[in-house]
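What follows is a short report on a single structure.
None of the figures in this text is laboratory data; all of them are computed from the coordinates on show. Keep in mind that this is a model prediction, so the values were computed, not measured. Don't worry about glycine lacking a Cβ; one is built from the backbone with ideal geometry, like all the others, and counts go over all protein chains shown.
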Amino acid sequence: MYDLIIVGSGPAGLSAAVYGKRAGLKLLVIEAKPMSGGQILDTYEVDNYLGLHGMNGFDMGMKFKEHADMTGAEFKTAVVTQMEVEGETKIVKTADGACYEAKTVILAAGAKHAVLGVPGEDEYKGKGVSYCATCDGAFFKGRDVAVVGGGDVAVEDAIYLSRMCRKVYLIHRRDRLRAAKGLQDKLMQCENVEVCWNRVVDCIYGSDLVEGVTLRRTSKQTEEQSGAELTAAGQSGAELTAAEQSMENLAVEGVFIAVGMHPNTEAFRKVVDCSEAGYVIAGEDCKTSVPGIFAAGDIRTKQVRQIITAASDGACAVASIERYLNGNA
């Protein structure tokens with residue numbers, strides 16, 4: 001019987017491990033991958049973590065793990081598939097058939113960014129392809145970038161990047177945005193933002209770093225317009241296929257993908273209350289709908305999802321756990 005089981009070993013989980021061991025708790029960290037660190041392992045450089053400016057994301061993840069190891073935290077590599085509650089006991093089951101019991105659990109399994117699934121996306125991840133404008137935008141100051149998406153996050157990213165980038169292209173597959181009207185109004189006031197309507201990214205290309213994206217038009221009307229434009233320019237539309245007419249290259253050095261997030265909550269949704277989007281409902285004290293179960297990091301409902309806020313959640317969750325174990329929850 002553990003005092004605490006932590007599901008996930010990103011910044012939230014590792015922070016919780018450090019604070020948990022300092023509090024004298026017998027704890028276990030269950031991580032899905034054999035290397036701790038979470039999403040930051042795929043981050044080329046972290047520019048905004050206090051005191052560690054410009055550190056490579058992989059190195060930061062290793063430093064976090066090293067700190068947790070120094071406390072004597074126990075780690076187990078396994079995929080959590082199910083969680084049950086029997087009275088005050090929490091039961092965590094994994095894909096390898098193991099079963100662990102604890103008085104408390106911290107859900108820190110994080111979230112994953114929705115991807116485009118186009119050629120070049122994986123290749124240039126961290127080399128021009130980013131899923132977080134506030135994390136990586138400063139690296140593209142004075143440069144041309146593209147934002148992909150049409151919701152609130154995409155529009156917010158475009159507005160944010162417009163303050164530091166020379167030109168921002170917002171690429172959206174439809175002829176209207178899904179973002180809130182107030183955000184759209186602010187976007188249209190940004191003189192260096194251009195919306196590329198009815199377009200999707202077909203591929204991301206470059207050499208060592210991103211050099212551009214190939215866009216494909218999504219509506220028949222725009223394809224017909226493209227053919228007419230070619231003819232008017234002296235090149236017969238008949239010389240090119242319809243597919244070729246609908247393609248265009250856009251030179252950018254950064255591609256910010258904002259097409260959604262998917263919280264890793266599949267194993268927990270039958271136990272704790274989740275939002276419509278699938279995030280575990282928990283406040284700054286990290287308490288969920290079930291006493292003794294807490295949520296920390298990107299997996300929980302929150303406004304800002306950054307490394308520093310995830311680490312903060314780990315500390316806050318353990319503070320709440322101490323109160324719970326002492327009967328002061």
Worksheet item: Could you work out the helix-only [θ] at 222 nm for the chain, with each DSSP H run of four or more residues adding -39,500 (n - 2.57) and the total divided by the number of residues, to the nearest 500 deg cm²/dmol?
Response: -7500 deg cm²/dmol
Discussion item. Can you give me the distance in nm between label points at residue 33 and residue 303, each placed 7 Å from the Cα along the Cα-to-Cβ direction?
Written reply: 3.0
Worksheet item: Among 257, 106, 91, which one shows the biggest mean-square fluctuation in a GNM of the chain, springs joining Cα atoms closer than 10 Å?
Response: 91
Worksheet item: What residues of segment 105-139 lie in the reach of a label at residue 47, counting those whose backbone N is under 11 Å from a point 7 Å from the Cα along Cα→Cβ?
Response: 133-139
Worksheet item: What is the Cα coordinate range of the chain on the first, second and third principal axes, sorted by size from largest, in whole angstrom?
Response: 79, 39, 38
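Gain in length, residue 99 to residue 203, computed as 0.36 nm per residue apart minus the alpha-carbon separation, to one decimal in nm?
Between residue 99 and residue 203, full extension yields an extra 33.1 nm.
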Response to the item:
Rounded to one decimal in Å, the inverse mean reciprocal Cα-Cα distance for segment 1-156, i.e. its Kirkwood radius, is 17.4
Fill in: Residue (of 129, 113, 303) at the positive-pole extreme of the chain, dipole from beta-carbon charges
303
Worksheet item: Too long at a 21 Å Cα-Cα cut-off: which of 65/103; 33/93; 65/127; 93/125; 63/302; 167/302?
Response: 65/103; 65/127; 93/125; 63/302; 167/302
Practice prompt. Go through 279, 324, 15 and say which Cα lies farthest out towards the positive end of the charge dipole of the chain; charges sit on Cβ, +1 for Lys and Arg, -1 for Asp and Glu.
Written response: 324
Practice prompt. Take every Cα-Cα distance within segment 25-73, group them into 10 Å bins from 0 onward, and report for each bin the whole-number percent of pairs it holds.
Written response: 25, 48, 24, 3
Worksheet, complete the sentence: Summing +1 per Lys or Arg and -1 per Asp or Glu among the other residues with Cβ less than 13 Å from residue 142's Cβ gives +3
Discussion item. Quick check for me: using +1 on Lys/Arg Cβ and -1 on Asp/Glu Cβ, what's the dipole size of the chain about its Cα centre, in debye to the nearest 20?
Written reply: 740
Discussion item. Give me a comma-separated list of calculated 3J(HN,Hα) values for segment 129-139, in order, Karplus coefficients 6.51, -1.76, 1.60 applied at θ = phi - 60°, integers in Hz, x for any Gly or Pro.
Written reply: 8, 9, 10, 8, 5, 5, 6, 10, x, 4, 5
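Among 179-190, 296-307, 263-274, how do they line up from the highest to the lowest mean number of other beta-carbon atoms within 10 Å? Let's see the in-between values first.
Numbers: 179-190: 14.3, 296-307: 22.7, 263-274: 18.3.
Sorting 179-190, 296-307, 263-274 by mean packing, highest first, produces 296-307, 263-274, 179-190.
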